[in-house]
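K.L.:
The following block contains the structure, expressed as C-alpha cells.
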Amino acid sequence: MTKDSETNPSRRDFLTMTSMGAASLATSLAATGLTGSAHAKEGEPQGESKEADSSPTKQLELLFLGTGAANWPRKYPFKDKSHPRAKVRAMSSMLVNGHILIDCGPTVLDVMNCYDVDPAGITDILLTHTHSDHLHPGNIMSIANGRDASLGPLKFWGDPEALKKVPDSDRIEKIPVEHGKSFQVHGLTMTGLAANHDVHGSKEQCLLYLIESATKRAFYATDTGWLPTTTWLHIERKPLDAIIWDATCGEGKGDPRIFSHNDLTMIRHMNQTLMQRKVLKPDAKIILTHIADRLHPPHHVLEKKLIPEGLIPAYEGMSVVLEAG
Ligand SMILES: [Zn+2]
Ligand SMILES: [Zn+2]
C-alpha cells in the first residue's frame with residue numbers, strides 16, 4: 001500500500017480480519033444480533049497505479065470484481081455502487097493486492113470502473129481457464145494497451161494450452177503455469193493447482209490458485225467441483241486464512257452441474273474435513289463466489305441464511321483484508 005492509498009477515502013466495503021471467521025462467526029453474530037452485512041465497513045482503497053516492487057509482501061487484500069456464474073448478463077449495468085449488493089452479479093474475477101487480477105472476463109472493466117479500480121495498475125493476470133466468462137480477449141488487450149509502455153508488457157499467466165487463446169501482442173508476455181509448481185508475483189507466491197473442471201474441446205488443465213504472502217494464505221477455488229486428490233494433497237499441510245469456493249449450484253439437488261461445480265452440500269462437506277484437518281484456520285474466511293442466477297435466492301436472503309453458519313457470499317466490491325499478524 002502506498003501512503004496515498006492509505007489516506008484516500010473509498011466507497012468499497014472491507015471485511016477485516018477480525019470481523020468474520022469460520023469458527024467464531026456464529027457466536028459473534030448471536031452475541032451482537034448483527035447480520036453479516038453489518039460487519040462490512042468502509043475502508044481504504046486497494047488499487048495502486050504504479051508498478052509494485054518485489055519485496056516480500058505480508059498483507060493480502062482480495063477485492064471481488066465478479067461473483068457470478070456464466071448465466072448472468074455479460075454486461076455489468078451499474079455505473080457506481082448505488083445499488084443493492086449483488087443485485088446483478090458480474091463474471092467471476094478477483095483482484096489481489098491491487099495489481100494482480102485473477103481472470104479477465106467480459107464484465108471486469110465495467111466493475112473496475114464502478115469500484116474505482118484503475119486498469120492501468122494491473123501488472124499481472126492469472127487465468128483459471130478459458131471459458132468465456134473468465135477470458136475476454138478484448139478486455140485483456142484494453143488492459144495491456146492502457147498500461148504505461150515503459151513498465152513493460154502485461155504478464156499473463158496460465159496453462160500452456162489455455163495461453164493459446166490469449167491475444168498475441170508485444171504488450172503481453174505469456175508465461176506458462178505448470179500445475180503444482182509455484183511462481184512469484186510481486187512478493188507473493190502463487191501456485192496453480194488442478195481444478196475438477198473441463199473446457200470442452202481444449203487440452204488445458206483448468207487451474208485454481210493458492211496465494212501466499214509472507215504470513216497469509218488464501219486459496220481461490222473456482223471453477224471446480226469436488227477437489228481433485230492432487231490438489232488436496234498439495235493444500236493438506238498449508239493452513240488457510242481464506243478459501244474462495246465455486247458455489248455455482250446453490251442447494252443444488254439433482255443439478256448435473258455438480259460434476260464441474262460445487263453445490264452447498266459439497267462445500268459444507270469439504271469445509272468439515274478442511275477444518276478437522278486444520279487446513280482451515282479457526283478464523284479463516286470461507287467465501288462463496290461463482291454464484292449462479294436462479295440457483296440461489298437474492299443476496300440479502302443468502303447472507304441471512306449462510307453467514308450464521310460461517311459462509312460468506314461474496315458480492316461485487318467486497319474486499320477482504322487478511323492483515324499481517
Ligand atoms: Zn465460470
Ligand atoms: Zn468454467
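None of the figures in this text is laboratory data; all of them are computed from the coordinates on show. Everything quoted here is computed from the prediction, not taken from an experiment. Because the Cβ atoms are built from the backbone with ideal geometry, glycine has one as well, and the counts that use them run over all protein chains shown.
K.L.:
Can you give me the distance in nm between label points at K87 and A324, each placed 7 Å from the Cα along the Cα-to-Cβ direction?
P.N.:
With each label point 7 Å from Cα toward Cβ, the separation is 4.0 nm.
K.L.:
How many nm is it between the label spots at K253 and K79, if each spot is 7 Å from the Cα in line with the beta carbon?
P.N.:
Going by the 7 Å Cα→Cβ label model, 4.5 nm.
K.L.:
Report the trypsin sites (Lys or Arg not before Pro) located in the stretch 65-162 that are in a DSSP loop and have at most 11 other Cβ atoms inside 10 Å of their Cβ, or state none.
P.N.:
Loop-located and lightly packed - K75, K79.
K.L.:
If you keep only loop residues by DSSP, which GluC sites (Glu not before Pro) in the stretch 268-325 have at most 14 other Cβ atoms within 10 Å of their Cβ?
P.N.:
Answer by residue number: E323.
K.L.:
Determine which lysines satisfy two conditions relative to K305: a Cα distance under 19 Å, and not lying fewer than 8 residues away in the same chain.
P.N.:
K305 reaches K87, K253, K285.
K.L.:
If you take the square roots of the eigenvalues of the alpha-carbon gyration tensor of the stretch 184-296 and sort them as a ≥ b ≥ c, do you get rounded (a/c under 1.5), prolate (a/b over b/c) or oblate? Walk me through the numbers before you get to the answer.
P.N.:
Values: a/c = 1.86, a/b = 1.30, b/c = 1.43.
In terms of gyration-tensor shape, oblate.
K.L.:
Under a 5 Å amide H to amide H cut-off, with H placed in plane at 1.01 Å, what residues pair with A214 once short-range neighbours are removed?
P.N.:
Hits under the 5 Å cutoff: T57, K58.
K.L.:
Something else now. Taking Cα centroids, how far is the stretch 264-325 from the stretch 123-183 in Å?
P.N.:
Using only Cα atoms, the two centres lie 28 Å from each other.
K.L.:
On to the next question. At 7 Å along the Cα-to-beta-carbon direction for both A120 and E173, put a label point, then send me their distance in nm to one decimal.
P.N.:
Computed distance between label sites A120 and E173 equals 2.1 nm.
K.L.:
Which of S92, S319, S202, S82 has the fewest other C-beta atoms within 10 Å, and how do the rest follow up to the most?
P.N.:
Working: S92 32, S319 22, S202 16, S82 8.
If I rank by nearby Cβ atoms, fewest first, I get S82, S202, S319, S92.
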